[in-house]
């Protein structure tokens, strides 16, 4: 067994078997899916001693910045924003760590997007330029329907028109005027009776502590299937009363917070967080323009969890809709670069992160861009090689890949 496979199995050991099997299958799809599922490998390989790549201002990074970790969500002010949307790996680290992962993802995704390598590198240059320019401006902004353009505006426009009933119909089934979560094996799985009792008891206790207990009255719960990297981590979807049954119910997301995969490699002092849920929630509040509805750190079964309103997966940007028009992708990447810069500016000066003047100077220097792009280009080839090794082992071992190989470690 090669070292890549062993590292993957050890990192995912202890996760729930059925959902981690879905993760392994998703990672077999293409190199980009493999990269999304192996953030731990990226930081394991990161050259921490290379000053050209690490001499950068300290930022509150989301830690897993790639093309699919930008998306739309409804904030607690009920407006829809396009922003960074995954903070499970959040940490205080040089900004270049975040940027390198984003650039690598652009190059790795090129094949699935039917882009030439040259066009992918051009998009990286566009993204770096927009990131630096936004830093030089020295002011954090945000993207919502009125300020977005191109493919992002096209995504945001129909979201304004989507009603709650349509969303609920896609995730639940209606029987005799009452809703229940669809456990179709695609977005949700059934809970065992003891598991369901525990989740429902948590939701009832949470509701009792809220100013409007009736809104959070639980109606149903299930295991949630979402993402790639975190599949197998305890995660639940909870259907609550909301503003009234059946068409004004709400879906909430309850996800276990585990230590970030960056933690073994961090060289700078981190805050003494109460829990990993507090780490994730605090950084998300600092870094996003407005946080998602109900975002909070909670405890369930003596473990930390992040609680928030469910964000529909269809609110992710479908990049394959560029339709052969490179300028459409240029607009998207330019906006992503701005969003990343605004996040670093917005969270600047918090618990050790760089202040605005440092960010402006970093944006003006630009001498860090060439080595960063060179590294991302080389590492994208490394990801493709690792994925091929993974595929060979996965294909040899069949559907019981994880269980079979883990027993051999």
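What follows draws every value from the coordinates through simple rules; no lab data is involved. Computed from a prediction, not measured in an experiment: that's the story for all the values here. Every residue, glycine among them, receives a Cβ derived from its backbone with ideal geometry; neighbour counts consider all protein chains shown.
In percent, rounded to a whole number, the relative contact order of the range 161-314 is 18, using alpha-carbon pairs under 8 Å and six or more apart.
Of the listed peptides 126-138, 292-304, what is their order by residue-averaged count of other C-beta atoms within 10 Å, with the highest listed first?
Values: 126-138: 20.1, 292-304: 16.2.
In decreasing order of mean packing, 126-138, 292-304 become 126-138, 292-304.
Highest-first packing order for the peptide set 104-117, 7-20 is 104-117, 7-20, based on the mean count of other beta carbon atoms within 10 Å. With R₀ fixed at 30 Å, the C-beta to C-beta distance from residue 55 to residue 149 puts the FRET efficiency at about 0.35.
Between the helical axis of 356-365 and the longest alpha-carbon principal axis of the chain there is an angle of about 50 degrees. Spin-label pair residue 274-residue 388: with each label point 7 Å from Cα along the Cα-Cβ axis, the two points sit 5.0 nm from one another. Site pair residue 200 and residue 25 shows an inter-label distance of 2.9 nm when each label is modelled 7 Å from Cα along Cα→Cβ. Taking 0.36 nm per residue of separation and subtracting the Cα-Cα distance, full extension of the segment from residue 178 to residue 285 would add 35.1 nm. With a ≥ b ≥ c taken as the square roots of the eigenvalues of the C-alpha gyration tensor of the range 161-314, please select rounded if a/c is under 1.5 and otherwise prolate if a/b is larger than b/c or oblate if it is not? Prolate. Full extension of the chain segment joining residue 364 with residue 323 gains 11.4 nm, where the gain is 0.36 nm per residue of separation less the Cα-Cα distance. What is the chain's relative contact order, in percent, from Cα pairs under 8 angstrom and six or more apart in sequence? Across the chain, relative contact order equals 28 percent.
Output the 0 to 90 degree angle, nearest 10, between the alpha-carbon long axis of helix 3-12 and the longest principal axis computed from the alpha carbons of the chain. Once rounded, one gets 40 degrees. In this label model, residue 299 and residue 114 are separated by 5.4 nm, measuring between points 7 Å along each Cα→Cβ vector.
Consider the candidate values [x] 146; [y] 240; [z] 136; state which one is volume of the Cα convex hull per residue in Å³ computed from the structure displayed. Computed from these coordinates, volume of the Cα convex hull per residue in Å³ corresponds to label [x].
How much length is gained on full extension from residue 378 to residue 133, taking 0.36 nm per residue of separation minus their Cα-Cα distance? Intermediate results must be reported in sequence, preceding the final value.
Numbers: separation 245, 0.36 × 245 = 88.20 nm, distance 2.53 nm.
Between residue 378 and residue 133, full extension yields 85.7 nm more.
Only helices enter this figure: runs of n ≥ 4 DSSP H residues, each worth -39500 (n - 2.57), summed and divided by the residues of the chain, yield -14500 deg cm²/dmol at 222 nm to the nearest 500. Highest mean packing first, where packing is the average number of other Cβ atoms within 10 Å per residue, the peptides 318-328, 340-350 line up as 340-350, 318-328. Computed from Cα positions, the angle between helix 150-161 and the longest principal axis of the chain comes to roughly 10 degrees. For a paramagnetic label modelled at 7 Å from the Cα of residue 266 toward its Cβ, which residues of the range 44-67 fall within the zone defined by backbone nitrogen distances under 19 Å? Only 44-49, 54-66 pass the distance filter.
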